[in-house]
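Below is one structure, written out as C-alpha coordinates, with a few remarks after it.
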Amino acid sequence: MQARFLLIPAAALTISVPAHAAIYLSVEQAQALMFPGETFTAQPVTLTDDQVSKIEDASDTNVLGNQLKAWKASGGGWFIVDQVVGKHEFIPFALALDANGAVKDIEILEYRESYGDEVRNPKWRAQFTGKHNGDTLKLTEDIQNISGATLSSKHITDGVRRLLATYAIVLANH
Amino acid sequence: MQSYSRIIDSGIERAKPLLGTTVSMRVHGLPPACAHAAIDAGFAAVRTVHETMSFHEGDSDVSRLNREAYRNPVAVSDPTYAVIARACAISAITKGAFDITVAPLLVARGLLPCPARAPDPDGCATWRDIELLPANHIRFRRRLWIDLGGIAKGYAVDRAMDALQGFAPKQACVNAGGDLRIAGPDAERVRLDADRGNDETVPVIALANGSLASSEGRPAGPHIDPRYRAAEARQFVSVAAPRCIDADALTKVVMARGACSARSLAIFSAHAVVHDAAFGWREIRGHG
(Lines give C-alpha, C1' and ligand atoms only; values in the text may rest on other atoms or scores of the structure.)
Protein backbone atom coordinates (compact mmCIF):
# COMPACT_ATOMS: atom_id res chain seq x y z
CA MET A 1 0.00 0.00 0.00
CA GLN A 2 1.08 3.55 -0.69
CA ALA A 3 -0.89 6.46 0.74
CA ARG A 4 0.16 10.08 0.70
CA PHE A 5 -1.81 13.02 2.09
CA LEU A 6 -1.82 16.24 0.07
CA LEU A 7 -3.46 19.62 0.45
CA ILE A 8 -3.85 20.91 -3.08
CA PRO A 9 -4.70 24.56 -3.74
CA ALA A 10 -8.19 24.56 -5.25
CA ALA A 11 -6.97 26.78 -8.08
CA ALA A 12 -4.60 24.04 -9.24
CA LEU A 13 -7.46 21.66 -9.95
CA THR A 14 -9.09 23.47 -12.83
CA ILE A 15 -9.04 20.47 -15.11
CA SER A 16 -10.04 17.75 -12.73
CA VAL A 17 -12.95 15.48 -13.46
CA PRO A 18 -14.39 14.11 -10.25
CA ALA A 19 -15.81 10.59 -10.35
CA HIS A 20 -18.91 11.98 -8.74
CA ALA A 21 -19.78 13.61 -12.05
CA ALA A 22 -19.70 10.20 -13.70
CA ILE A 23 -21.92 8.91 -16.45
CA TYR A 24 -22.09 5.18 -15.79
CA LEU A 25 -24.45 3.81 -18.42
CA SER A 26 -26.59 5.05 -21.30
CA VAL A 27 -30.22 3.92 -21.43
CA GLU A 28 -29.36 1.44 -24.19
CA GLN A 29 -26.41 0.02 -22.24
CA ALA A 30 -28.55 -0.40 -19.14
CA GLN A 31 -31.26 -2.17 -21.15
CA ALA A 32 -28.74 -4.59 -22.65
CA LEU A 33 -27.21 -5.35 -19.22
CA MET A 34 -30.47 -5.74 -17.34
CA PHE A 35 -32.34 -7.76 -20.01
CA PRO A 36 -29.60 -9.51 -22.02
CA GLY A 37 -30.69 -10.43 -25.55
CA GLU A 38 -34.18 -8.95 -25.24
CA THR A 39 -35.78 -6.27 -27.41
CA PHE A 40 -37.68 -3.25 -26.11
CA THR A 41 -40.86 -1.42 -27.04
CA ALA A 42 -41.13 2.12 -25.73
CA GLN A 43 -44.36 2.59 -23.82
CA PRO A 44 -44.22 6.16 -22.55
CA VAL A 45 -47.10 7.09 -20.27
CA THR A 46 -48.44 10.48 -19.28
CA LEU A 47 -49.73 10.08 -15.74
CA THR A 48 -53.12 11.61 -14.97
CA ASP A 49 -53.58 13.74 -11.87
CA ASP A 50 -55.59 10.92 -10.36
CA GLN A 51 -52.79 8.40 -11.00
CA VAL A 52 -50.21 10.79 -9.53
CA SER A 53 -52.13 11.19 -6.31
CA LYS A 54 -52.71 7.44 -6.04
CA ILE A 55 -48.99 6.78 -6.55
CA GLU A 56 -48.08 9.39 -3.95
CA ASP A 57 -50.52 7.88 -1.44
CA ALA A 58 -49.34 4.33 -2.07
CA SER A 59 -45.61 5.10 -1.92
CA ASP A 60 -45.50 8.04 0.52
CA THR A 61 -43.20 9.90 -1.89
CA ASN A 62 -43.61 12.86 -4.22
CA VAL A 63 -44.00 12.29 -7.95
CA LEU A 64 -41.59 14.68 -9.66
CA GLY A 65 -43.12 14.66 -13.16
CA ASN A 66 -46.04 13.14 -15.01
CA GLN A 67 -44.01 11.60 -17.87
CA LEU A 68 -43.16 7.96 -17.25
CA LYS A 69 -40.27 6.62 -19.35
CA ALA A 70 -41.12 2.93 -19.60
CA TRP A 71 -40.17 0.16 -22.02
CA LYS A 72 -41.72 -3.29 -22.25
CA ALA A 73 -39.06 -5.99 -22.66
CA SER A 74 -39.71 -8.86 -25.05
CA GLY A 75 -39.59 -11.34 -22.15
CA GLY A 76 -42.49 -9.60 -20.40
CA GLY A 77 -40.46 -7.47 -17.98
CA TRP A 78 -40.43 -3.68 -17.69
CA PHE A 79 -37.54 -1.23 -17.93
CA ILE A 80 -38.17 2.20 -16.40
CA VAL A 81 -35.88 5.22 -16.32
CA ASP A 82 -36.57 7.80 -13.66
CA GLN A 83 -34.68 10.15 -11.38
CA VAL A 84 -34.53 11.11 -7.75
CA VAL A 85 -33.29 14.26 -6.05
CA GLY A 86 -30.03 13.55 -4.27
CA LYS A 87 -28.28 15.85 -1.87
CA HIS A 88 -28.12 18.61 -4.47
CA GLU A 89 -28.90 17.30 -7.93
CA PHE A 90 -30.92 14.80 -9.92
CA ILE A 91 -29.74 11.19 -10.01
CA PRO A 92 -31.11 9.24 -12.98
CA PHE A 93 -31.52 5.52 -12.46
CA ALA A 94 -32.94 2.51 -14.28
CA LEU A 95 -35.24 -0.05 -12.71
CA ALA A 96 -35.77 -3.50 -14.23
CA LEU A 97 -38.93 -5.36 -13.21
CA ASP A 98 -39.56 -8.99 -14.08
CA ALA A 99 -42.80 -10.10 -15.74
CA ASN A 100 -44.44 -10.29 -12.29
CA GLY A 101 -43.47 -6.74 -11.37
CA ALA A 102 -40.76 -7.74 -8.88
CA VAL A 103 -37.47 -5.82 -8.78
CA LYS A 104 -34.92 -7.57 -10.95
CA ASP A 105 -32.14 -5.01 -10.86
CA ILE A 106 -31.30 -1.35 -10.32
CA GLU A 107 -28.55 0.62 -12.06
CA ILE A 108 -27.61 4.21 -11.31
CA LEU A 109 -27.07 5.88 -14.68
CA GLU A 110 -25.30 9.08 -13.67
CA TYR A 111 -23.99 10.59 -10.50
CA ARG A 112 -23.46 14.29 -10.06
CA GLU A 113 -23.62 14.30 -6.32
CA SER A 114 -21.76 15.52 -3.34
CA TYR A 115 -19.74 18.62 -3.75
CA GLY A 116 -21.00 19.26 -0.25
CA ASP A 117 -21.00 22.89 0.68
CA GLU A 118 -18.70 23.61 -2.22
CA VAL A 119 -21.64 23.13 -4.56
CA ARG A 120 -22.79 26.61 -3.67
CA ASN A 121 -19.39 28.13 -4.38
CA PRO A 122 -19.33 29.40 -7.99
CA LYS A 123 -15.53 29.23 -8.17
CA TRP A 124 -15.56 25.58 -7.18
CA ARG A 125 -18.35 24.74 -9.58
CA ALA A 126 -16.82 26.58 -12.50
CA GLN A 127 -13.98 24.08 -12.70
CA PHE A 128 -16.42 21.29 -13.54
CA THR A 129 -18.49 23.15 -16.11
CA GLY A 130 -18.77 21.24 -19.34
CA LYS A 131 -16.78 18.28 -18.07
CA HIS A 132 -17.96 14.77 -18.74
CA ASN A 133 -16.62 11.37 -17.88
CA GLY A 134 -14.14 10.70 -20.66
CA ASP A 135 -12.90 14.30 -20.91
CA THR A 136 -9.69 13.03 -19.46
CA LEU A 137 -7.39 15.65 -20.86
CA LYS A 138 -4.76 15.32 -18.16
CA LEU A 139 -5.18 12.18 -16.14
CA THR A 140 -2.27 13.18 -13.98
CA GLU A 141 -4.48 15.75 -12.32
CA ASP A 142 -7.63 13.68 -12.05
CA ILE A 143 -9.34 13.13 -8.76
CA GLN A 144 -11.07 9.85 -9.43
CA ASN A 145 -12.71 9.21 -6.09
CA ILE A 146 -14.29 10.84 -3.10
CA SER A 147 -14.27 9.56 0.46
CA GLY A 148 -16.41 11.13 3.13
CA ALA A 149 -19.21 10.57 5.56
CA THR A 150 -21.41 7.89 4.03
CA LEU A 151 -24.24 9.30 1.97
CA SER A 152 -27.51 7.47 2.39
CA SER A 153 -29.13 5.87 -0.64
CA LYS A 154 -32.57 6.46 0.87
CA HIS A 155 -33.57 8.77 -1.99
CA ILE A 156 -33.01 5.93 -4.48
CA THR A 157 -34.86 3.45 -2.27
CA ASP A 158 -37.76 5.94 -2.15
CA GLY A 159 -37.63 6.29 -5.94
CA VAL A 160 -37.83 2.53 -6.39
CA ARG A 161 -40.80 2.35 -4.02
CA ARG A 162 -42.52 5.08 -6.05
CA LEU A 163 -41.94 3.16 -9.31
CA LEU A 164 -43.25 -0.06 -7.78
CA ALA A 165 -46.44 1.83 -6.88
CA THR A 166 -46.48 3.29 -10.41
CA TYR A 167 -46.18 -0.21 -11.85
CA ALA A 168 -49.07 -1.50 -9.73
CA ILE A 169 -51.35 1.44 -10.53
CA VAL A 170 -50.44 2.16 -14.15
CA LEU A 171 -48.38 -0.53 -15.90
CA ALA A 172 -49.51 -3.87 -14.46
CA ASN A 173 -52.52 -4.03 -16.75
CA HIS A 174 -50.71 -2.82 -19.88
CA MET B 1 7.17 5.85 -6.04
CA GLN B 2 4.21 5.03 -8.20
CA SER B 3 2.89 7.65 -10.56
CA TYR B 4 -0.67 8.67 -11.20
CA SER B 5 -0.21 9.01 -14.89
CA ARG B 6 -0.61 5.65 -16.51
CA ILE B 7 -4.27 4.69 -16.40
CA ILE B 8 -4.69 3.80 -20.03
CA ASP B 9 -8.42 4.13 -20.47
CA SER B 10 -11.20 5.84 -18.54
CA GLY B 11 -12.46 2.42 -17.48
CA ILE B 12 -15.94 1.01 -17.16
CA GLU B 13 -17.80 2.01 -14.05
CA ARG B 14 -21.25 1.20 -12.65
CA ALA B 15 -23.12 2.02 -9.46
CA LYS B 16 -25.98 0.50 -7.50
CA PRO B 17 -27.75 1.28 -4.24
CA LEU B 18 -26.55 -1.34 -1.73
CA LEU B 19 -25.54 -1.43 1.95
CA GLY B 20 -27.67 1.66 2.52
CA THR B 21 -25.43 3.75 0.27
CA THR B 22 -24.26 3.95 -3.32
CA VAL B 23 -21.67 1.34 -4.26
CA SER B 24 -19.61 1.93 -7.41
CA MET B 25 -17.06 -0.26 -9.16
CA ARG B 26 -14.61 0.63 -11.93
CA VAL B 27 -12.27 -1.59 -13.92
CA HIS B 28 -9.66 -0.70 -16.52
CA GLY B 29 -8.03 -2.69 -19.27
CA LEU B 30 -10.77 -5.26 -19.87
CA PRO B 31 -12.99 -5.68 -22.94
CA PRO B 32 -16.50 -4.34 -22.19
CA ALA B 33 -18.24 -7.74 -21.86
CA CYS B 34 -15.54 -8.95 -19.48
CA ALA B 35 -15.60 -5.67 -17.54
CA HIS B 36 -19.37 -5.95 -17.02
CA ALA B 37 -19.04 -9.62 -15.98
CA ALA B 38 -16.40 -8.57 -13.43
CA ILE B 39 -18.59 -5.77 -12.11
CA ASP B 40 -21.61 -8.12 -11.93
CA ALA B 41 -19.51 -10.52 -9.83
CA GLY B 42 -18.39 -7.65 -7.60
CA PHE B 43 -21.97 -6.50 -6.99
CA ALA B 44 -23.05 -10.10 -6.26
CA ALA B 45 -20.39 -10.23 -3.53
CA VAL B 46 -21.66 -6.98 -2.02
CA ARG B 47 -25.26 -8.19 -2.17
CA THR B 48 -24.32 -11.29 -0.16
CA VAL B 49 -22.86 -9.11 2.58
CA HIS B 50 -25.90 -6.83 2.43
CA GLU B 51 -28.27 -9.76 2.92
CA THR B 52 -26.36 -11.65 5.64
CA MET B 53 -25.12 -8.77 7.78
CA SER B 54 -27.99 -6.29 7.72
CA PHE B 55 -29.36 -5.10 11.05
CA HIS B 56 -32.61 -4.22 9.27
CA GLU B 57 -33.43 -7.51 7.50
CA GLY B 58 -35.22 -9.85 9.90
CA ASP B 59 -33.71 -13.04 8.46
CA SER B 60 -30.07 -11.85 8.28
CA ASP B 61 -27.40 -13.58 10.36
CA VAL B 62 -27.12 -10.43 12.48
CA SER B 63 -30.86 -10.39 13.26
CA ARG B 64 -30.81 -14.10 14.15
CA LEU B 65 -27.84 -13.55 16.46
CA ASN B 66 -29.54 -10.62 18.18
CA ARG B 67 -32.68 -12.71 18.73
CA GLU B 68 -31.21 -16.07 19.66
CA ALA B 69 -27.48 -16.10 20.45
CA TYR B 70 -27.99 -15.32 24.14
CA ARG B 71 -30.06 -18.48 24.53
CA ASN B 72 -28.24 -20.89 22.19
CA PRO B 73 -25.20 -20.92 19.92
CA VAL B 74 -26.27 -19.72 16.46
CA ALA B 75 -24.68 -20.97 13.22
CA VAL B 76 -23.81 -18.18 10.79
CA SER B 77 -22.33 -18.01 7.28
CA ASP B 78 -18.56 -17.99 6.74
CA PRO B 79 -18.50 -14.25 5.89
CA THR B 80 -20.50 -13.25 8.99
CA TYR B 81 -18.25 -15.35 11.21
CA ALA B 82 -15.15 -13.85 9.60
CA VAL B 83 -16.39 -10.28 10.10
CA ILE B 84 -17.40 -10.84 13.74
CA ALA B 85 -14.06 -12.55 14.45
CA ARG B 86 -12.21 -9.62 12.89
CA ALA B 87 -14.37 -7.14 14.81
CA CYS B 88 -13.51 -8.87 18.10
CA ALA B 89 -9.82 -8.92 17.22
CA ILE B 90 -9.92 -5.18 16.49
CA SER B 91 -11.78 -4.62 19.79
CA ALA B 92 -9.05 -6.52 21.65
CA ILE B 93 -6.20 -4.65 19.94
CA THR B 94 -7.84 -1.26 20.47
CA LYS B 95 -8.90 -2.05 24.07
CA GLY B 96 -12.54 -1.66 23.16
CA ALA B 97 -12.34 1.59 21.18
CA PHE B 98 -14.13 -0.36 18.45
CA ASP B 99 -17.06 -2.46 19.61
CA ILE B 100 -19.93 -3.92 17.58
CA THR B 101 -22.10 -4.22 20.72
CA VAL B 102 -22.95 -0.50 20.78
CA ALA B 103 -26.10 -1.21 18.71
CA PRO B 104 -28.53 -0.47 21.61
CA LEU B 105 -27.21 3.12 21.76
CA LEU B 106 -27.74 3.52 18.02
CA VAL B 107 -31.29 2.21 18.46
CA ALA B 108 -31.85 4.63 21.34
CA ARG B 109 -30.83 7.49 19.06
CA GLY B 110 -33.20 6.39 16.34
CA LEU B 111 -30.30 5.56 13.99
CA LEU B 112 -31.27 1.88 13.88
CA PRO B 113 -34.71 0.31 14.24
CA CYS B 114 -35.43 -1.68 17.39
CA PRO B 115 -34.81 -5.34 16.49
CA ALA B 116 -37.98 -7.43 16.59
CA ARG B 117 -38.30 -10.16 19.25
CA ALA B 118 -34.72 -9.63 20.53
CA PRO B 119 -34.22 -9.78 24.32
CA ASP B 120 -33.61 -6.40 25.97
CA PRO B 121 -29.85 -5.81 26.08
CA ASP B 122 -27.77 -5.84 29.26
CA GLY B 123 -26.19 -2.39 29.65
CA CYS B 124 -22.92 -3.96 30.85
CA ALA B 125 -22.42 -6.18 27.78
CA THR B 126 -19.37 -5.56 25.57
CA TRP B 127 -17.49 -7.35 22.79
CA ARG B 128 -15.97 -9.62 25.48
CA ASP B 129 -19.38 -11.26 25.81
CA ILE B 130 -19.28 -12.53 22.21
CA GLU B 131 -18.11 -16.13 22.16
CA LEU B 132 -16.68 -17.46 18.90
CA LEU B 133 -17.31 -21.21 18.89
CA PRO B 134 -16.14 -23.86 16.42
CA ALA B 135 -18.03 -24.62 13.20
CA ASN B 136 -19.19 -21.01 12.64
CA HIS B 137 -21.27 -20.93 15.83
CA ILE B 138 -21.55 -17.79 17.93
CA ARG B 139 -22.98 -17.38 21.43
CA PHE B 140 -23.54 -14.26 23.54
CA ARG B 141 -22.71 -14.57 27.25
CA ARG B 142 -25.01 -11.65 28.04
CA ARG B 143 -28.06 -10.26 26.32
CA LEU B 144 -26.64 -7.93 23.67
CA TRP B 145 -27.27 -6.57 20.19
CA ILE B 146 -24.55 -6.33 17.57
CA ASP B 147 -24.50 -4.05 14.54
CA LEU B 148 -21.89 -4.60 11.82
CA GLY B 149 -22.55 -1.19 10.22
CA GLY B 150 -19.09 -0.01 11.26
CA ILE B 151 -17.19 -2.82 9.55
CA ALA B 152 -19.31 -4.75 7.04
CA LYS B 153 -19.05 -2.08 4.34
CA GLY B 154 -15.28 -2.38 4.42
CA TYR B 155 -15.53 -6.17 4.29
CA ALA B 156 -17.94 -5.94 1.33
CA VAL B 157 -15.44 -3.72 -0.50
CA ASP B 158 -12.69 -6.31 0.08
CA ARG B 159 -14.88 -9.18 -1.21
CA ALA B 160 -15.97 -7.14 -4.24
CA MET B 161 -12.34 -6.36 -5.04
CA ASP B 162 -11.52 -10.09 -4.80
CA ALA B 163 -14.29 -10.74 -7.33
CA LEU B 164 -13.00 -8.04 -9.69
CA GLN B 165 -9.44 -9.36 -9.40
CA GLY B 166 -10.66 -12.73 -10.64
CA PHE B 167 -11.00 -11.07 -14.06
CA ALA B 168 -7.47 -9.60 -13.89
CA PRO B 169 -8.18 -5.94 -14.66
CA LYS B 170 -5.16 -3.65 -15.03
CA GLN B 171 -6.60 -1.30 -12.44
CA ALA B 172 -9.75 -1.46 -10.32
CA CYS B 173 -11.62 0.56 -7.71
CA VAL B 174 -14.56 -0.31 -5.45
CA ASN B 175 -16.21 2.52 -3.52
CA ALA B 176 -19.03 1.87 -1.05
CA GLY B 177 -20.18 5.35 -0.12
CA GLY B 178 -16.65 6.56 0.59
CA ASP B 179 -15.11 3.33 1.91
CA LEU B 180 -12.97 2.30 -1.00
CA ARG B 181 -10.20 0.06 -2.24
CA ILE B 182 -7.88 0.60 -5.18
CA ALA B 183 -5.80 -2.11 -6.87
CA GLY B 184 -3.37 -1.88 -9.75
CA PRO B 185 -0.14 -0.16 -10.73
CA ASP B 186 -1.48 3.39 -10.58
CA ALA B 187 -2.04 5.57 -7.57
CA GLU B 188 -5.39 7.34 -7.65
CA ARG B 189 -6.31 10.57 -5.96
CA VAL B 190 -9.15 10.51 -3.49
CA ARG B 191 -10.68 13.76 -2.34
CA LEU B 192 -11.60 13.81 1.35
CA ASP B 193 -15.09 15.22 1.57
CA ALA B 194 -14.73 16.93 4.93
CA ASP B 195 -17.06 19.76 5.85
CA ARG B 196 -14.36 22.31 6.62
CA GLY B 197 -15.79 25.68 5.66
CA ASN B 198 -12.58 26.48 3.72
CA ASP B 199 -12.22 25.66 0.05
CA GLU B 200 -8.87 27.30 -0.69
CA THR B 201 -7.24 23.89 -0.49
CA VAL B 202 -8.55 20.46 -1.39
CA PRO B 203 -7.54 17.57 0.88
CA VAL B 204 -6.47 14.59 -1.20
CA ILE B 205 -4.95 11.18 -0.52
CA ALA B 206 -2.96 9.60 -3.33
CA LEU B 207 -3.57 5.90 -2.82
CA ALA B 208 -2.16 2.81 -4.55
CA ASN B 209 -2.97 -0.81 -3.73
CA GLY B 210 -4.78 0.03 -0.58
CA SER B 211 -8.00 1.03 1.10
CA LEU B 212 -9.40 4.21 2.54
CA ALA B 213 -12.40 4.78 4.79
CA SER B 214 -13.74 8.03 6.19
CA SER B 215 -16.15 9.01 8.90
CA GLU B 216 -17.47 12.28 10.16
CA GLY B 217 -18.39 12.46 13.81
CA ARG B 218 -21.17 14.78 14.84
CA PRO B 219 -23.35 15.25 17.90
CA ALA B 220 -26.10 12.57 17.97
CA GLY B 221 -24.45 10.88 14.99
CA PRO B 222 -23.60 7.22 14.66
CA HIS B 223 -20.14 7.44 16.25
CA ILE B 224 -20.07 6.34 19.82
CA ASP B 225 -16.99 5.90 21.95
CA PRO B 226 -17.69 2.43 23.33
CA ARG B 227 -15.68 3.07 26.47
CA TYR B 228 -17.74 6.05 27.57
CA ARG B 229 -20.85 5.22 25.52
CA ALA B 230 -20.91 8.89 24.53
CA ALA B 231 -21.04 10.69 21.21
CA GLU B 232 -17.87 12.07 19.68
CA ALA B 233 -17.08 15.73 19.11
CA ARG B 234 -17.33 16.88 15.52
CA GLN B 235 -14.33 15.71 13.53
CA PHE B 236 -13.47 14.12 10.19
CA VAL B 237 -11.31 10.99 10.09
CA SER B 238 -9.85 9.06 7.14
CA VAL B 239 -7.87 5.86 7.60
CA ALA B 240 -5.71 4.23 4.93
CA ALA B 241 -4.97 0.52 5.38
CA PRO B 242 -4.19 -2.41 3.11
CA ARG B 243 -7.61 -3.99 3.80
CA CYS B 244 -10.84 -2.00 3.72
CA ILE B 245 -12.38 -3.99 6.61
CA ASP B 246 -9.61 -2.63 8.86
CA ALA B 247 -9.76 0.90 7.45
CA ASP B 248 -13.53 1.00 8.05
CA ALA B 249 -13.30 -0.20 11.67
CA LEU B 250 -10.25 1.92 12.49
CA THR B 251 -12.02 5.19 11.60
CA LYS B 252 -14.04 4.66 14.79
CA VAL B 253 -10.89 3.97 16.80
CA VAL B 254 -9.19 7.15 15.58
CA MET B 255 -12.42 9.06 16.20
CA ALA B 256 -12.38 7.86 19.81
CA ARG B 257 -8.67 7.95 20.62
CA GLY B 258 -7.01 10.46 18.29
CA ALA B 259 -3.22 10.38 18.42
CA CYS B 260 -3.36 7.59 21.02
CA SER B 261 -4.44 5.23 18.23
CA ALA B 262 -0.98 5.27 16.58
CA ARG B 263 0.04 1.94 18.09
CA SER B 264 -3.20 0.27 16.97
CA LEU B 265 -2.81 1.76 13.49
CA ALA B 266 0.70 0.29 13.24
CA ILE B 267 -0.59 -3.22 13.91
CA PHE B 268 -2.77 -2.89 10.80
CA SER B 269 -0.11 -1.06 8.72
CA ALA B 270 -2.55 1.84 8.70
CA HIS B 271 -2.36 5.55 9.08
CA ALA B 272 -4.89 8.30 9.50
CA VAL B 273 -5.63 11.92 8.75
CA VAL B 274 -7.90 13.86 11.07
CA HIS B 275 -9.56 17.24 10.70
CA ASP B 276 -11.27 19.28 13.36
CA ALA B 277 -11.99 22.96 13.76
CA ALA B 278 -9.39 23.49 16.51
CA PHE B 279 -6.33 21.91 14.89
CA GLY B 280 -7.07 21.69 11.17
CA TRP B 281 -5.53 18.69 9.41
CA ARG B 282 -3.24 16.27 11.27
CA GLU B 283 -1.69 13.01 10.17
CA ILE B 284 -1.40 10.11 12.57
CA ARG B 285 1.26 7.68 11.41
CA GLY B 286 1.12 4.18 12.81
CA HIS B 287 4.14 3.33 14.94
CA GLY B 288 4.94 0.39 17.19
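Structure summary
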quantity: Förster radius 41 Å - calculated FRET efficiency between residue B:135 and residue A:62 (Cβ-Cβ, nearest 0.05); calculated: 0.25
quantity: Inter-chain shielding of B:22-28 (mean C-beta neighbours from other protein chains, 10 Å cut-off); calculated: 4
quantity: Rg and Dmax [Cα atoms of segment B:140-216; Å; Rg one decimal, Dmax integer]; calculated: 15.9, 52
quantity: Under-5 Å amide H pairs with residue B:190, H placed in peptide plane, nonlocal only; calculated: B:205, B:206, B:207
quantity: Fraction in percent of alpha-carbon pairs per bin - 10 Å, segment B:6-107; calculated: 13, 32, 29, 18, 7, 1
quantity: Tilt relative to chain B, helix B:78-93 - C-alpha long axis, 0 to 90 degrees, to 10; calculated: 80
quantity: Accessible area buried at the B-A interface, both sides summed, 1.4 Å probe (Å², nearest 100); calculated: 4700
quantity: Cα-based equivalent ellipsoid, chain B: semi-axes from gyration tensor eigenvalues, Å; calculated: 31, 24, 16
quantity: Segment B:1-87: GluC sites (Glu not before Pro) in DSSP loop, at most 13 other beta carbons within 10 Å; calculated: B:57
quantity: Estimated vicinal HN-Hα couplings, Hz - segment B:241-257 in sequence order (Karplus 6.51, -1.76, 1.60; Gly, Pro = x); calculated: 8, x, 9, 6, 4, 6, 4, 4, 5, 6, 4, 6, 5, 5, 4, 7, 10
quantity: Sites excluded, chymotrypsin sites (Phe, Trp or Tyr not before Pro) in DSSP loops with at most 13 other C-beta within 10 Å, longest stretch of chain B; calculated: B:1-227
quantity: Chain B - percent of accessible surface contributed by carbon and sulfur, probe 1.4 Å; calculated: 53
quantity: Translational diffusion of segment B:79-180, µm² s⁻¹ [Kirkwood Rh, Cα pairs; Stokes-Einstein; 4 °C; 1.567 mPa s]; calculated: 85
quantity: Relative contact order of chain B, defined on C-alpha pairs under 8 angstrom at six or more residues apart (%); calculated: 18
quantity: Nearest-ten-degree value, helix B:152-165 long axis tilted from longest Cα axis of chain B; calculated: 40
quantity: Ellipsoid equivalent to segment B:155-197 - semi-axes via the Cα gyration tensor, in Å; calculated: 23, 13, 5
quantity: Cut-off under 5 Å, modelled amide H: who pairs with residue A:105 long-range; calculated: A:96
quantity: J(HN,Hα) series, segment B:17-22, from Karplus relation 6.51 cos²θ - 1.76 cosθ + 1.60, nearest Hz, glycine and proline x; calculated: x, 8, 6, x, 8, 9
quantity: Helix axis angle, B:32-53 relative to chain B longest principal axis, alpha carbon, degrees; calculated: 20
quantity: Convex hull per residue volume in Å³, alpha carbons only, for segment B:89-133; calculated: 95
quantity: Low-density loop cleavage sites - trypsin sites (Lys or Arg not before Pro) in segment B:115-193, where at most 15 other Cβ are within 10 Å (DSSP); calculated: B:117, B:141
quantity: 1.4 Å probe accessible area per residue over segment B:50-173, in Å²; calculated: 42
quantity: Average partner coverage of B:206-217, which counts Cβ from other chains inside 10 Å; calculated: 4
quantity: Links that overshoot a 24 Å alpha carbon limit, given the list A:154/B:16; B:153/B:252; A:87/B:170; A:87/B:16; A:69/B:16; calculated: A:87/B:170
quantity: Long-range HN-HN contacts of residue B:21 with modeled amide H, under 5 Å; calculated: A:153
quantity: Residue among B:52, B:101, B:21 with the largest mean-square fluctuation in a Gaussian network model of chain B, springs linking Cα atoms under 10 Å; calculated: B:21
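The values are calculated or read from the model by the stated rules, or taken from the named source; none is laboratory data. Just so you know, these numbers come straight off a predicted model, no measurement behind them. Here Cβ is always computed from backbone atoms with ideal geometry, including for glycine, and neighbour counts include all displayed protein chains. Side chains are part of the model used for accessible areas, which takes the heavy atoms of the whole protein and leaves out ligands, DNA and RNA. Shrake-Rupley method; radii C 1.70, N 1.55, O 1.52, S 1.80 Å.
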